Amino acid sequence: MENIFKKIDKLSIFFVLYTFVFVIFFGTIGYTLPFVFALILASFLKIPTIYLMRKLKIKNTIASLFTTTIFFTIIVILLSIIITTLTSESIQLVKYIQSYITLNKDIILNFFSNLQNYYKNLDPTIINNIESNITNYITKTINISMNASTKIFSQTLDFVSAIPYVLMVLLFTLLTTYFFTKDLSSTDRKKFNLIPSKNEDRIHYIFDESKKMLKNYLLSYLLIITITFLETLVVFLIFKVKYAVTLSVLCGIFDLLPIFGIGTIYLPLIIIFFISNNYISALGLLISYIIITIVRQIIEPKIVSSSLGIHPVAVLASIFIGLKANGIVGMLFCMFLLVFYNILRKVKVL
């Protein structure tokens, strides 16, 4: 019985400390963002930096400067290409949607007119419910469109005003990444060792495991996004959907958002193809949407659980409870709660 109470006390202390650190971390992320990014990037650049030091027999400072510069140059070039391509296709997509609605106005009106003729034969109470629901839907759609337009305009202004901050974050991230990379790849680690020798191995193990778990977590969701993007791109190319690359990228991004999901892209496309009498493409997109959604639900817990070393049921529970409690932040809270509990259990702290 005494062991049980000790176990409960340890778990309670762990939960309180973890919650405190989590709240502080996300509460101050606006101030620590460059340093968090820099530490993550430096952990990736550590291996190639050490390789250059050993292979070319160069100093730590030069190797760190070289790897950091090359990495950020590649990132800037890739981001420039991606942003330019997506911006161009997004503008063309908006113009295409506007012209499509204008050119196919009669087809759309006939479609709704046929629907109206169909449901007139139904019971009057059902008709009233349908009409009220349609009216409410149209009103909500108009309100959402108005709000969306206002938000897009305000967010565009916010983005323009935030450009100096973004540039400052990039600059500080670049500089901090260099210093972190230099420190992590240094052969003289004694000057960074502030841990008592008796606890050194355990603390280093916890730190290394936490770093490895964070890498695996990020890579697992990057893999999930990539799979969704590739599946969607193949489907869109098969059914000759215009702007397939842009829409596939959006599907990959929306796939991580619990409110949106890939249905935000798929469902409007299915409706457009259906109204255009392209029933084969509409049916194909609908089947593909269902298959991709099912595949996503199957692979997510397996990929995340295998990368983090956690049981798939625990991953499913943490995702569901976290999203239900507080969206993406809640999901992160539950996922990392499992991760750190698993780490501390391995080193027999819990």
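The values are calculated or read from the model by the stated rules, or taken from the named source; none is laboratory data. Model, not experiment: these values are computed from the prediction. Cβ: placed from backbone, ideal geometry, glycine included. Neighbour counts: every protein chain shown. Remember, those area values only see protein heavy atoms, side chains included, never the ligands or the DNA or RNA. Shrake-Rupley method; radii C 1.70, N 1.55, O 1.52, S 1.80 Å.
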Residue order for VAL23, VAL329 - accessible surface, 1.4 angstrom probe, largest first: VAL23, VAL329
Long pairs among LYS57/LYS212; LYS57/LYS211; LYS242/LYS302; LYS6/LYS215; LYS10/LYS215, criterion Cα-Cα beyond 30 Å: LYS242/LYS302; LYS6/LYS215
Solvent accessible area, Å² - LYS215, 1.4 Å probe, full protein context: 50
Low-density loop cleavage sites - trypsin sites (Lys or Arg not before Pro) in segment 22-79, where at most 11 other Cβ are within 10 Å (DSSP): LYS57, LYS59
Accessible area (Å², 1.4 Å probe, nearest 10) - SER99: 50
